[in-house]
Each structure stands twice: as structure tokens, then as C-alpha cells.
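My structure is below; once you've seen it, I'll send some questions.
The values are calculated or read from the model by the stated rules, or taken from the named source; none is laboratory data. Nothing here was measured: the structure is a model prediction, and the numbers come from that model. No Cβ is skipped: glycine too gets one built from the backbone with ideal geometry, and neighbour counts run over all protein chains shown.
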Amino acid sequence: MLVNFRAWLAEAISTYGLVFFGPLSVILAVSAFGEELTTQSVLFISLGHGGAIALMIYAFGHISGAHINPAVTIPMMITKKIGISDGIGYIVFQLIGAVAAAATLWAILPELGAKVNFATQGGPSELINGSIGSAFAIEAILTFFLVLVIFMSAVHKKASAGWHGFTIGGMVFLIHLVAVPLTGASVNPARTFGPALISGFWEFHWLYWAAPIIGGIIAGLLMNYIYVNKAEKEQ
């Protein structure tokens, strides 16, 4: 139980890191570049999220795997890379870390935080004509590729050692680069839940749970049974 708790705590801390530095990068981007999205603000936000993920993976990957995301933990549970009880513990502590980080931001930056609601994913943008279907597809596809990269760079037995943090952080950077203007780029229910709970902004919240989880499960199953299992059997 002690080992499990250490891993659960690692998930809380690493998710806190994402939900502190990610939304903080949004708040600072709005302050520096204005509320309209610009090339500079999107780059700033993408670096904030990608950098936080990469560093937390290198810090805690050897402790818990640094899932930092229920849409990653659920495919890991389904493919039996993690037990059910540990998986539930991971998700609970991810949500705790996310809420704690959002509460910290609200406490230290109340006016700026309220102004942009921590950049909670606000649903489909005008660029996709406000289409819920398009937003759902985007979030699911982006999470598919995120989980694909995780399985192939961190889970696969023949993956190049030491590159998984850079690779996964790079994918998170790319996801935000293309999707911040479209859906706000969640691909992570915990990233959305923490700020939503603290700010009270719940519109479209279901979308940022359902789409990432579905995309993540599809990727996890395909990568596991087509590639990962084969490498494990060969060893």
C-alpha cells in the first residue's frame, strides 16, 4: 500500500504541475498579448503545457509512469499495464492535484484567473463553426495520437531509452499548437476538471471527458495488441 500511495502522490504532484503551469501560461499570454489568440500567445501556451508535461515525466516517470491524465490511465487499466485499484487511485489523485493547482492560481491571481477562467476549454470555437461534433472528433483524434506516442515511446519494450519525456512533451506541444484555437486543447479530463470546479465553468465539460477517453482507449488497444504485446512476447 505504501508503494501505491507513493505512486498516487506522484500523480497528484505531476498533475498539479501541469494544471499550475499550463493555465498560468494562458493567463500570462492573455495579459501579454491580449484576449485574441495570436501566434505568440499560442506558442507561449503550447510551450507551457508541453514543457510541464515533459519535465513532470522525467521527474516522476520512474515512480508512477507519470500518466497525469485519466485518458492515459484508463487505457493502461484496460490493457492491464496497471491494476484496477492503482488505476482508480491514479485518477482520484490526478483530480486532486488538478483542483489544488487551480485553487492555487485562483488564490494568487484572482482577477486574472477570473478574467480568463484559467482558459478552461470553452467548447467549439468559431473556426469550426461551434460544431460539437467537430470538437469531439478533434479532441478524440488528438488524444488518440497522444496515447499512441505514450505507448510507443514509454510502454513499448524496444522504445529508445530516455526519449519518452521529450517525445510526449513534444506531442503535447504540437496538440496545443494546432488545437488551442479550435477546442482549447484539453485531451485531459483532469486538466479541464480542476479549473472548472474552481471557476464554476462547466459548459461543454462532458465533451472534455468523453472525447479524450474514447480516443485514448482506441489508441491504447490498437498499440497494445498490434505492437506492444509482440515486443513483450519476443523478450
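Among the helices (runs of 4 or more DSSP H) lying completely within the range 10-123, list those that include at least 2 residues that are modelled with pLDDT of 90 or more and either under 20 Å from PHE201 (Cβ atoms) or over 18 Å from the mean Cα position of the chain (by Cα) (or both).
Ranges flagged: 39-64, 70-78, 84-108.
Would you check if LEU222 is hydrophobic (A, V, I, L, M, F, W, C), over 22 Å from ALA101 (Cα atoms), surrounded by fewer than 21 Cβ atoms within 10 Å (Cβ to Cβ) and touching a Leu at 6+ places or on another chain (Cβ under 7 Å)?
So LEU222 does not fit the description; no.
Which one of these does PHE166 not meet: (1) among the aromatic types (Phe, Trp, Tyr); (2) surrounded by fewer than 16 Cβ atoms within 10 Å (Cβ to Cβ); (3) out of contact with any helix residue (DSSP H, G or I) (no Cβ under 7 Å at 6 or more places or on another chain)?
Unmet condition: (3).
In the range 20-47, what count of residues is obtained for those that are over 18 Å from GLU111 (Cα atoms) and surrounded by 24 or more Cβ atoms within 10 Å (Cβ to Cβ)?
Number satisfying all stated conditions: 1.
Would a scan of the range 177-184 turn up a residue that is on the phi < 0 side of the Ramachandran plot, out of contact with any Asp or Glu (no Cβ under 7 Å at 6 or more places or on another chain) and among the polar types (S, T, N, Q)?
There is no residue in the range 177-184 that is on the phi < 0 side of the Ramachandran plot, out of contact with any Asp or Glu (no Cβ under 7 Å at 6 or more places or on another chain) and among the polar types (S, T, N, Q).
Please enumerate the residues belonging to the range 45-77 that are in contact with a Leu (Cβ under 6 Å, 6 or more places away or on another chain) and not aliphatic (A, V, I, L, M).
Within the range 45-77, just SER46 meets the criteria.
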